[in-house]
Amino acid sequence: MKQQSVDISIAEKFMICGSPISVNSYGNGHINNTFLVTTDTNKKYILQRISDAFDINFLMKNINAVTSFMALKSDNPERQMTLIHTKTDKNFYSDKTGNFRMFTFVENSICLEMPETTSDFYESAVAFGKFQKMLEDFPAKTLTEPIKNFHNTPDRYRIFKETLSADKMGRAKEVKDEIEFALSHEEKGSVLQSLRDRGELPLRVTHNDTKLNNVLFDKNTRKSICVIDLDTVMPGLSLYDYGDAIRYGAQTASEDEKDLSKVNIDFDMFRAFTKGYLSSCDLTENEINNLVLGAITMTLECGVRFLTDYLDGDNYFKTNYSEHNLDRCRTQFKLVSELEKNTDKLNGIIKEILSDK
């Protein structure tokens, strides 16, 4: 996404220390336009033009509530995401050029696109675990779902089966094995939602985008500082965040790898993330017992979404070639198979970690 410029007068609308002297493009986000604001007092802030894809009022109500709550729990607010209000005490500013919000800038911080060591992945888990811990007594039901039924896997299956029935692109005949795999796993993919509906897993505030680049690291110590990008914060299960992080970071191949023999579990990364996550948050026994199922479910759901989009003509995910979504689907389903095959081993790793706590 091409970064658009923003007038310095936008920064002046917020309650900042000093007067802004520069507003420069910052980072490489794909959804919002992000800028670094510097003032004449040498204070720095992050200014974002928010994508029109979001309902700005619901989005900022969620973020304001969560960041305010975490500020009360933090022993160092300067190392947390702090929302800066406007001079009229609003949590965002709007004009004809768009909707804008501002956060404090966390000094001496860096983002990583991929873990360079198991320690990087461990530290990201610590950050997401701390996020979970700080919000464990936040009333999750008061948050709005910016994406309805985002991790409602049975609903993802409903959409998949409707798309399969329509088969508007005539592609179903090409992917019979993938369709069979998806349908044969529908029951397993519905377990977490059933446990949630029955109240057997606690409703929590979830981040829903637990990639490494949504964690700030101290550039000197490489210790995690805090979690960023709260646009998809909503009520959910801890297993969504844990499972998606494992899906993303504890595997041995890229998301669109064509050679499925390269798609396996990285057990060292699995151990590192699980250890970091469990060390920094408190999960119930039922949550712990379903950690591996969380990884299976999030990976399965992602594969079903890729397959659905392929059958529908590639309208949701950006693709670089005609079978891109199909290749993505296949890697996810292969990883599901690996997770299932190694469930006992993975649960054994979890048990070892818990015994060492």
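The values are calculated or read from the model by the stated rules, or taken from the named source; none is laboratory data. Here the structure is a predicted model, which is why all the values come from computation and not from measurement. Reconstructed Cβ throughout: ideal geometry from the backbone, glycine too, with neighbour counts over all protein chains shown.
Which pairs do you get when a residue that is under 19 Å from Asp327 (Cα atoms), found in the range 161-185, comes within reach of a residue that is loosely packed, with under 14 Cβ neighbours inside 10 Å, reach meaning Cβ atoms under 6 angstrom, with the pair 6+ apart or on two chains?
Met169/Gly313
Against the condition without any contact (Cβ under 8 Å) to a residue 40 or more places away in the chain and crowded, with 22+ Cβ neighbours inside 10 Å, how does Phe317 come out, does it pass?
no
For the range 53-67, check the following and say yes or no: at least one residue is over 26 Å from Val205 (Cβ atoms) and touching a helix residue (DSSP H, G or I) at 6+ places or on another chain (Cβ under 9 Å).
No, the range 53-67 has no match at all.
Results for (1) over 30 Å from Lys13 (Cβ atoms); (2) in contact with a Ser or Thr (Cβ under 6 Å, 6 or more places away or on another chain); (3) of a type in the set (A, V, I, L, M, F, W, C), shown as yes or no for each residue.
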position: Arg101; (1), (2), (3): no, no, no
position: Phe105; (1), (2), (3): no, no, yes
position: Phe121; (1), (2), (3): yes, no, yes
position: Lys130; (1), (2), (3): yes, yes, no
position: Asp137; (1), (2), (3): yes, no, no
position: Phe150; (1), (2), (3): yes, no, yes
position: Arg158; (1), (2), (3): yes, no, no
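Which one of these is free of Cβ contacts under 8 Å to residues at least 12 places away in the same chain and either part of a helix (DSSP H, G or I) or within 22 Å of the chain's Cα centre (by Cα) (or both): Ala65, Ala71?
Ala71
Suppose we filter Arg49, Arg101 for residues that are closer than 26 Å to Lys133 by Cα, at pLDDT 90 or above and either out of contact with any Cys (no Cβ under 6 Å at 6 or more places or on another chain) or of a type in the set (Ser, Thr, Tyr) (or both); which single one remains?
Of the residues listed, the single one that is closer than 26 Å to Lys133 by Cα, at pLDDT 90 or above and either out of contact with any Cys (no Cβ under 6 Å at 6 or more places or on another chain) or of a type in the set (Ser, Thr, Tyr) (or both) is Arg101.
Each row is one residue, and each column tells you yes or no for (1) assigned by TED's automatic domain parsing to the domain that holds Ser224; (2) of a type in the set (Val, Ile, Thr); (3) at pLDDT 95 or above.
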| position | (1), (2), (3) |
| --- | --- |
| Met269 | yes, no, yes |
| Ala272 | yes, no, yes |
| Thr284 | yes, yes, yes |
| Asn289 | yes, no, yes |
| Ile296 | yes, yes, yes |
| Gly303 | yes, no, yes |
| Lys318 | yes, no, no |
| Lys334 | yes, no, yes |
| Leu339 | yes, no, yes |
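Please give the number of the condition Asn149 fails out of (1) buried (at least 18 other Cβ atoms within 10 Å of the Cβ); (2) among the polar types (S, T, N, Q); (3) outside any helix (DSSP H, G or I).
Only one criterion is unmet by Asn149, namely (1).
Just checking, how many residues over the range 336-357 are out of contact with any Gly (no Cβ under 8 Å at 6 or more places or on another chain), within 21 Å of Gly189 (Cα to Cα) and assigned to a helix (DSSP H, G or I)?
10
Taking the range 241-251, which residues are touching a strand residue (DSSP E or B) at 6+ places or on another chain (Cβ under 7 Å) and either surrounded by fewer than 24 Cβ atoms within 10 Å (Cβ to Cβ) or in a loop (DSSP other than H, G, I, E, B) (or both)?
Scanning the range 241-251 gives a single hit, Ala250.
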